[in-house]
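The values are calculated or read from the model by the stated rules, or taken from the named source; none is laboratory data. It should be emphasised that the depicted structure is a prediction, and the values quoted were computed from it without experimental measurement. When we count neighbours, we look across all protein chains shown, and the Cβ atoms used for this are built from the backbone with ideal geometry, even at glycine.
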Amino acid sequence: MKRLVALASLLVSAHCSGSEGGFEGRWETTFGPMELKQKGDRITGSYSMRGASCALQGQVSKGRFEFTYREGDTAGEGWFQLGAGGGTFAGKWRSTGSQDWLEWKGKRTERETGFAGLWSSSYGRLRLVREGDGIEGIYSGEGGSTIKGKIKDGRFEFRYQEPSARGEGWFELADGGASLTGKWRPDGRKDWSDWNASRVSAEPGVTYLVVIEARWEEDLGQQEYAFGDMLKAFFERTPKVQVRRRALSNAGDLQRWCREVSLLAEPVVVCLSSHGNTEGLQVAGRTIKPEVIAD
């Protein structure tokens with residue numbers, strides 16, 4: 001049985017601006033990111049729900065796309081009807097054996113086409129940000145890995161820096177901005193290696209609550225206590241809120257986990273949980289100054 005997900009939305013993009021009147025393209029829908037491909041009156045596609053890829057297929061009859069879908073071991077049927085201008089659709093679905101029809105809606109969104117954004121790459125997640133006429137970013141190879149460069153003739157040429165290595169490379173956009181192809185090499189080497197990536201979109205409606213928490217107990221006479229565990233238990237009833245609790249023992253931990261936050265596609269709320277005073281957070285007998293937190 002398909003589960004209804006309240007306030008579910010979908011980050012998708014139109015396949016092309018000329019697809020008005022057709023279903024082909026990328027959509028934001030009630031049940032997750034969807035991409036449809038149309039050939040004549042036949043349509044195939046997939047959508048992502050709670051991280052799982054689900055398939056649907058069917059054909060257009062009198063302007064209405066009638067389809068069957070499959071989600072793991074469950075299946076069903078439905079239909080979509082385009083709205084005026086082809087930028088939205090409204091429809092219904094029902095699981096096999098059910099008599100009740102439920103709503104399934106969607107809208108087109110523009111595809112991101114530039115280098116900026118979040119990518120899943122050969123060497124971990126990669127976040128790129130436009131800074132003036134250049135691009136800067138971080139990636140999750142070794143901790144503290146950075147990348148910086150400029151666009152020249154449509155190619156992003158960069159320098160990368162890791163804790164124990166540095167070098168150069170380049171990326172070019174491919175698949176209409178949905179992926180990157182590129183090369184890299186460390187300083188002093190002539191041979192180039194591949195570095196490819198695909199764009200990462202947020203799971204619709206999901207928000208991360210990241211609790212970065214120091215130990216509260218000051219001696220063995222105190223019971224174990226974790227604010228993050230309390231929040232996680234509370235939000236278990238809300239599947240669209242993903243709670244992550246991470247330990248805080250020094251300023252390096254704080255910088256590390258905040259850095260990891262930027263490698264998530266979804267909206268993130270960060271909660272710092274610790275003893276503190278007017279000088280800052282009190283963690284393991286040390287003070288983390290407000291300047292570190294702000295940075």
_strands (runs of 3 or more DSSP E) lying entirely in region 206-295 (those with 1 or more residues that are among the aliphatic types (A, V, I, L, M) and in contact with a His (Cβ under 9 Å, 6 or more places away or on another chain))_ = 280-283
*Is at least one residue of region 164-171 touching a Gly at 6+ places or on another chain (Cβ under 7 Å), closer than 30 Å to Leu272 by Cα, crowded, with 19+ Cβ neighbours inside 10 Å and not hydroxyl-bearing (Ser, Thr, Tyr)?*
no
_Residue among Val211, Val206, Val243 that alone is of a type in the set (A, V, I, L, M), closer than 30 Å to Ser274 by Cα and touching a Gly at 6+ places or on another chain (Cβ under 6 Å)_ = Val211
*Picking from Arg125, Arg159, Arg130, which residue would you name as being in contact with an Asp or Glu (Cβ under 7 Å, 6 or more places away or on another chain), assigned to a strand (DSSP E or B) and either modelled with pLDDT of 95 or more or not hydroxyl-bearing (Ser, Thr, Tyr) (or both)?*
Arg159
*What residue, among those in region 244-295 that are of a type in the set (Ser, Thr, Tyr) and surrounded by 15 or more Cβ atoms within 10 Å (Cβ to Cβ), is nearest to Ala233 (Cα to Cα)?*
Ser273
*asked:* If I ask for residues that are surrounded by 15 or more Cβ atoms within 10 Å (Cβ to Cβ), among the β-branched types (Val, Ile, Thr) and either at positive phi or out of contact with any Asp or Glu (no Cβ under 9 Å at 6 or more places or on another chain) (or both), which ones from region 57-103 would you list?
replied: Thr88
*All but one of (1) over 21 Å from Gly124 (Cα atoms); (2) in the same structural domain as Ile288 (by TED's automatic domain parsing); (3) touching a strand residue (DSSP E or B) at 6+ places or on another chain (Cβ under 8 Å) hold for Arg237; which doesn't?*
(3)
_Here is a check on your reading of the model: is Gly188 crowded, with 18+ Cβ neighbours inside 10 Å, out of contact with any Ser or Thr (no Cβ under 6 Å at 6 or more places or on another chain) and modelled with pLDDT of 85 or more?_
no
*Go through (1) free of Cβ contacts under 8 Å to residues at least 40 places away in the same chain; (2) more than 21 Å from Leu126 (Cβ to Cβ); (3) touching a strand residue (DSSP E or B) at 6+ places or on another chain (Cβ under 8 Å); (4) not in a loop (DSSP other than H, G, I, E, B) and name the single condition Trp184 misses.*
(2)
_Single match in Val268, Val241, Val283 (criterion: free of Cβ contacts under 8 Å to residues at least 40 places away in the same chain and not aromatic (Phe, Trp, Tyr))_ = Val241
_Between Ser9, Ser46, Ser53, which is modelled with pLDDT under 85 and either part of a strand (DSSP E or B) or among the charged types (D, E, K, R) (or both)?_
Ser53
*Is it true that some residue in region 162-171 is under 27 Å from Trp257 (Cα atoms) and not in a strand (DSSP E or B)?*
yes
*Could you figure out which of (1) over 30 Å from Pro267 (Cβ atoms); (2) out of contact with any strand residue (DSSP E or B) (no Cβ under 8 Å at 6 or more places or on another chain); (3) in contact (Cβ under 8 Å) with a residue 40 or more places away in the chain isn't true of Gly205?*
(1)
